[in-house]
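Scroll down for the structure; my scribbles are underneath it.
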Amino acid sequence: MAVRVKKLALCLFFFQTLFLILFAVFVRYGKESDSLASPDDTEQNLKEYYSMFQDVHIMIFVGFGFLMTFLKRYGYSSVGLNFLIAAFVVQWATLMIGFYHGVPQHGYMEISVYTMLSADFAAAAILISFGAVLGKLSPIQLIFMAFIEIAIFQANEFIGRELLHAVDAGDSIFVHAFGAYFGLAVARVTFHTDIHKSNKEASVYNSDLFSMIGTIFLWICWPSFNAGALSGDDRHRAVINTYYAIAASCVMAFAISSLVSKKDKFNMVHIQNATLAGGVAVGTSADMMIQPWGAILIGMTAGIISVIGFTWITVSVYQC
């Protein structure tokens, strides 16, 4: 145990020193935060993005952290490692953003509140992957997974947005789908047959209660996640569409959960996750003119499919 802790400390010290050097070489203040910037430019940038950034930041460090506490044996690991990985990733993601936008053109990158918001979006992808390997990987393995995944994440996003011109306002494709599939791939690679004998993948009253705290924080802040990178009427529509979609998925998650669960009781796994499905489902089209009823329809469908997936598809995957 002592050797493992020392390896983790050396690993973190190495990467943090690397980030320090790379920031010193490649990162500069943007024009909005430069000492020569006009007060109007600075205030405008903060007003436009900082409130959204705060909400997304809460989602990353509080929402995802407590959502992962559903496993009875990994409460401390969920919150603690979520904190560590997110803090690690936002620095590495900032650099990777610069390596695709800024450094190739100017030899350096300029950062702003928008850059911090983008780094938080990247952190969300890694934390989604973290949920698929919770309890399977050591902290060192998680750090290396995050380091590699961010590089692939930024390359994937660059290809999708800049070369293929894909539309994904709320990052449902580039963050949620990518993070989920990457996590599943890592889980498959690290799979061992003894997992079927383990009783660790279970929850207790307290773990479910703490996980619901994370769910509620994510549910409340999700409109900011889908609308954070947008502006003008696109942002306004994204907030409205996400608000109603995630409300509809919440209602349907409770309804379908009571139907498929024993004794007509709610299944906490459904409530912790399917209630958020509407926010993910509407993300890609959140800025489009889908009308409020369209957002509600998307949310309802997502809530139903999510509960069905947890009830039957997950069981079938375990049996494979």
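The three principal axes of the Cα atoms in the stretch 245-288 give end-to-end lengths of 41, 14, 12 Å, sorted in falling order.
Averaged over its residues, the chain has an accessible area of 53 Å² per residue, based on protein heavy atoms and a 1.4 Å probe.
Considered as an equivalent ellipsoid built on the Cα gyration tensor, the stretch 243-320 has semi-axes of 24, 14, 8 Å, the largest given first.
Note on ARG161 and LYS47: the extension gain reaches 38.5 nm, defined as 0.36 nm multiplied by sequence separation minus the Cα-Cα distance. What the phi angles of the stretch 111-120 give under the Karplus curve with 6.51, -1.76 and 1.60, with θ = phi - 60°, is a coupling list of 10, 8, 4, 5, 5, 4, 5, 5, 5, 5 Hz, glycine and proline written as x. Placing +1 on each Lys and Arg Cβ and -1 on each Asp and Glu Cβ, with no other charges, gives the chain a dipole about its Cα centre of roughly 1580 debye.
Short to long, the 10 Å bins of the Cα pair-distance histogram for the stretch 90-248 hold 9, 31, 35, 19, 5, 0 percent of all pairs. Where q = 0.08, 0.14 Å⁻¹, what log10 of I(q)/I(0) comes from the Debye formula for the chain, counting one point per Cα? For the chain, the Cα-only Debye profile gives -0.38, -1.16. Taken over the stretch 9-87, the convex hull of the Cα atoms encloses 103 Å³ per residue. Here the chain has 67 percent of its accessible surface on carbon and sulfur atoms, given a 1.4 Å probe and all protein chains in place. Computed packing ranks the peptides 216-223, 73-80 as 216-223, 73-80, most packed first, by mean other Cβ atoms within 10 Å. With the simple spin-label model, which puts each label point 7 Å out from Cα in the Cβ direction, the ILE213 to GLN141 separation comes to 2.8 nm.
Evaluating 6.51 cos²θ - 1.76 cosθ + 1.60 at θ = phi - 60° for every residue in the stretch 223-228, the Karplus couplings come out as x, 5, 5, 6, 9, x Hz, glycine and proline recorded as x.
Sequence-ordered 3J(HN,Hα) estimates for the stretch 92-105 from the Karplus curve with 6.51, -1.76 and 1.60 and θ = phi - 60° stand at 5, 5, 4, 5, 5, 4, x, 5, 9, 10, x, 4, x, 8 Hz, glycine and proline given as x.
Dividing the summed helix terms, -39500 (n - 2.57) for each DSSP H run of n ≥ 4, by the number of residues in the chain produces a 222 nm estimate of -22500 deg cm²/dmol to the nearest 500.
Amide H contacts of VAL27: MET109, each under 5 Å away and 5 or more positions distant or on a separate chain (H built 1.01 Å from N in the peptide plane; Pro and chain starts excluded). Taking all protein chains together and a 1.4 Å probe, the residues MET116, MET68, MET212 rank MET116, MET212, MET68 from largest to smallest accessible area.
The values are calculated or read from the model by the stated rules, or taken from the named source; none is laboratory data. Because the structure is predicted, anything quoted here is derived from the model rather than measured. Cβ sites come from the backbone with ideal geometry, for glycine too, and all protein chains shown count toward neighbours. Remember, those area values only see protein heavy atoms, side chains included, never the ligands or the DNA or RNA. Shrake-Rupley method; radii C 1.70, N 1.55, O 1.52, S 1.80 Å.
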